[in-house]
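Following: one structure in structure tokens, then a few remarks.
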Amino acid sequence: MAAKVEIYTWATCPFCIGAKSLLKNKEVDFIEYSIDGDENARDKMAQRANGRRSLPQIFINDNHIGGCDDIHALDRQGKLDELLAADSI
């Protein structure tokens, strides 16, 4: 079983598109929450993301990873594949 990956996005956000592109290139299935203009959804996302309101916000197995720069940094460090391979608990 693969990791559970969730990403909060806006449709036209270039950082969201970049993060999703990285996941798609790795052939990772993910749950996308498109929260365009929905402040209630953004508030809920911020609660999960330690107060961060920028987009995207990414979670792997319910652990907050961060945004686009964070997921790309994990990939460059060779740590992302390990997180993606970890089973969802």
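Take every Cα pair under 8 Å in the chain that's 6+ residues apart, average their separations, divide by the length, and report that relative contact order as a whole percent.
41
Given only helices, namely DSSP H runs of n ≥ 4 each adding -39500 (n - 2.57), what is the per-residue ellipticity at 222 nm of the chain, to the nearest 500 deg cm²/dmol?
Values: 4 runs with 37 residues, N = 89.
Helix contribution divided over all residues of the chain: -12000 deg cm²/dmol.
Enumerate the amide H contacts of residue 9 below 5 Å, restricted to partners 5 or more residues apart or on another chain; note that Pro and chain-start residues carry no placed amide H.
So residue 9 has HN proximity to 33, 34, 35.
With viscosity set to 0.692 mPa s at 37 °C, what whole-number translational diffusion coefficient in µm²/s follows for the chain from Stokes-Einstein and a Kirkwood radius over Cα pairs?
In µm²/s, the coefficient is 253.
Which cysteines does the chain leave without a neighbouring Cys Cβ under 4.7 Å?
68
Considering the Cα positions of region 1-51, please state its Rg to one decimal place and its Dmax as a whole number of Å.
According to the Cα coordinates of region 1-51, Rg and Dmax are 11.7, 34 Å.
All of the numbers you see were taken from the coordinates with simple rules; none came from a lab. These figures come from a predicted structure and were not determined experimentally. Because the Cβ atoms are built from the backbone with ideal geometry, glycine has one as well, and the counts that use them run over all protein chains shown.
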